[in-house]
Structure formats: C-alpha cells, structure tokens
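Below: one structure, written as structure tokens.
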Amino acid sequence: MAGTLMAGKKVLITGIANDKSIAYGVARALQAQGAELVITYLNAKAEPYVRPLAESLGAEIILPLDVSKPEQLDRLFTAIDESWGRLDGLVHSLAFCPLEDLHAPISECSREGFLQAMDISCYSFIDMANRARPLMKDGGSMINFSYLGSALATGDYNIMGCAKAALEAATRYLARDLGTQNIRVNCISPGTIATRAAGGIKDFASMLEYNQHKAVDGQLPTIEEVGNAALFFLSDLSAGTTGSIHYVDHGVCING
C-alpha cells in the first residue's frame, strides 16, 4: 500500500544509471510515498537503461542531463517550470573523475582531472541548487551524496575524497544561504555499495570487504536503506534539519 509522506511533492532526481544505483533506491522510496518525479539520464547510451525505470516510477518528465552542458540544465529547469511551476525536492547523485586521475596517487593527479572532478562532483550541485531555488517558492529540500573518504584517507578514493569534502562544505554553506527561504540542504554519506560508479574505484572489492569488517553489525548498506534516509530528508519529517552530513554505513564512520 502506497504511503503519503511525499503526497503532492515534486522532486527532481539525477544520477540513475541502472537498477543498482543509489538514486534509483531513492526514487523508489519517494514514489512509494506519493512523490511526483522528474528523472534524468546521462546520455543516449544510458537512456535504454534509465527510461524504463523512470517510466515504471511514473516520472512525468524524463530528460538527458550532462551537467557539464549548461544548455541541458537550461532545458531541464525550463521543462520543470513549464510543467509544474514549482519544485519541492532536488536529489543530486552525481560524481565523476577520469579513471587515470582517480587511480593515480593524489600527488600525480592532473590539473584537468582535478577540475573535472570538482566541476561534476561539487560545482554541479551548487549550480543546480541555484536553478532550483526560484522554483521552491514554498520552501523545499535538497540532498546530495558523499562518502567517508571525504573525512578520512581511506582506500584508493584519492582525488574524489577532495571533491566530496568540497561537496560537504558546499552543503553547509548552501544550508546557511538558502535557510531564509525555508530550503533545507543536507548530505547523505552511504557506506560502500556495489554501484556502477563505484566499480571504477581501484580495488573496490577490497573496500567492500574492509567496510563489512568495520561495520558494527557486519553488514553493508543497501540502496533501500539509503532511499529511506533520503525520504526522511526530502519529507516534512526532517523539518528543522539542515546542513547535516548523515551516515548510512552501519557504523563504519565510528569504528575508525
């Protein structure tokens, strides 16, 4: 039976690549509670994987979005404005770094790789927050996703750790900036989950094993657990909570 926590709320979800994506877990949790969704896909190669999922969730708008292309952002937010005239939630689940820079020791990261990682993984959230802000006329909620590698030098996360640390700082400053408009901004930091994006991390299997060992219950998080956390932050249940970094990692963050 469908719930009503998100009834009438209109939410933009970015970052679904397939049915293993964290963003898909979020979309399912929101849709099950009555949210109306806009869902994006990266490009024509990704569309056959994402569109059927978006359609199964009843997404009202399904559009391509490469955040490095301002014209696609323009088209997306224009479509939302024309179709809905408002927005209640924004889900940013995007990150990228060229593999050669991600796998290299951080001292060997190229300038180009660093800038691209920061642009896609951090600045795009700032840009989207600015575009979403005028549509959140009655307030709203924005979330993004980080990882413990932002606070600890863990695994082979390398330059992405810097990008995620910047994203967490942006979350706090955006929360302060947009709070006067009744817009909440929070960050969810899941533990290791075997998503398509995570597959690009060097020795990711070892990271999974390490995190399972460090978890207080010996378990790894699921996209359903992350989706439920997102439901809290995007619903009215989280009224009064902003600027936070929320871990969904079965206690790895406290275990050192």
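The values are calculated or read from the model by the stated rules, or taken from the named source; none is laboratory data. On a predicted model such as this, the values are computed, not experimentally measured, just so you know. Cβ: placed from backbone, ideal geometry, glycine included. Neighbour counts: every protein chain shown.
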- Query: For the subset of the stretch 66-121 comprising residues that are among the hydroxyl-bearing types (Ser, Thr, Tyr) and out of contact with any helix residue (DSSP H, G or I) (no Cβ under 9 Å at 6 or more places or on another chain), which member is nearest to Ser150 (Cα to Cα)?
  - Reply: Ser107
- Item | Cβ pairs under 9 Å, 6+ apart, first in the stretch 168-182 and more than 15 Å from Tyr147 (Cβ to Cβ) and exposed (fewer than 13 other Cβ atoms within 10 Å of the Cβ), second hydroxyl-bearing (Ser, Thr, Tyr) and modelled with pLDDT under 95 | none
- Is it true that Tyr147 is closer than 15 Å to Leu94 by Cα, surrounded by fewer than 22 Cβ atoms within 10 Å (Cβ to Cβ) and under 16 Å from the mean Cα position of the chain (by Cα)? no
- Would you mind telling me which numbered condition in (1) modelled with pLDDT of 95 or more; (2) crowded, with 16+ Cβ neighbours inside 10 Å Asp156 fails? (1)
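Every residue, every condition in (1) free of Cβ contacts under 8 Å to residues at least 40 places away in the same chain; (2) over 29 Å from Asn158 (Cβ atoms); (3) of a type in the set (Phe, Trp, Tyr); (4) surrounded by 12 or more Cβ atoms within 10 Å (Cβ to Cβ), yes or no:
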position: Ile13; (1), (2), (3), (4): no, no, no, yes
position: Ile16; (1), (2), (3), (4): no, no, no, yes
position: Gln33; (1), (2), (3), (4): no, yes, no, yes
position: Ala54; (1), (2), (3), (4): yes, yes, no, yes
position: Asp101; (1), (2), (3), (4): no, no, no, yes
- Query: Ser107 fails exactly one of the following numbered conditions: (1) surrounded by fewer than 20 Cβ atoms within 10 Å (Cβ to Cβ); (2) touching a Ser or Thr at 6+ places or on another chain (Cβ under 8 Å). What is the number of that condition?
  - Reply: (2)
- Identify the residue in the stretch 117-137 that is within 14 Å of Leu73 (Cβ to Cβ) and among the hydrophobic types (A, V, I, L, M, F, W, C) and, among all such residues, is surrounded by the most Cβ atoms within 10 Å (Cβ to Cβ). Phe125
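Among the residues of the stretch 180-194, is any modelled with pLDDT under 95 and not β-branched (Val, Ile, Thr)? Break it down stepwise before answering.
Of all residues in the stretch 180-194, those modelled with pLDDT under 95 come to 191-194.
Cutting the leftovers down to not β-branched (Val, Ile, Thr) gives us 191, 194.
Within the stretch 180-194, one or more residues are modelled with pLDDT under 95 and not β-branched (Val, Ile, Thr).
Can you tell me which residues in the stretch 175-193 are on the phi < 0 side of the Ramachandran plot, of a type outside the set (Lys, Arg) and more than 15 Å from the chain's Cα centre (by Cα)?
Ala175, Asp177, Leu178, Gly179, Thr180, Gln181, Ile183, listed by residue number.
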- Item | Which listed residue, of Val216, Val185, Val226, is farther than 23 Å from Leu102 by Cα, part of a loop (DSSP other than H, G, I, E, B), of a type in the set (A, V, I, L, M) and in contact (Cβ under 8 Å) with a residue 24 or more places away in the chain | Val216
- Scan the stretch 18-30 for residues that are surrounded by fewer than 22 Cβ atoms within 10 Å (Cβ to Cβ) and assigned to a helix (DSSP H, G or I) and report the count. 1
- Message: For a quick check of your reading of the model, give me the residue pairs whose first member lies in the stretch 230-255 and is under 19 Å from Gly139 (Cβ atoms), whose second is modelled with pLDDT of 95 or more and assigned to a loop (DSSP other than H, G, I, E, B), with beta-carbon atoms closer than 6 Å and at least 6 apart or on different chains.
- Response: Ser235/Leu5; Ser235/Met6
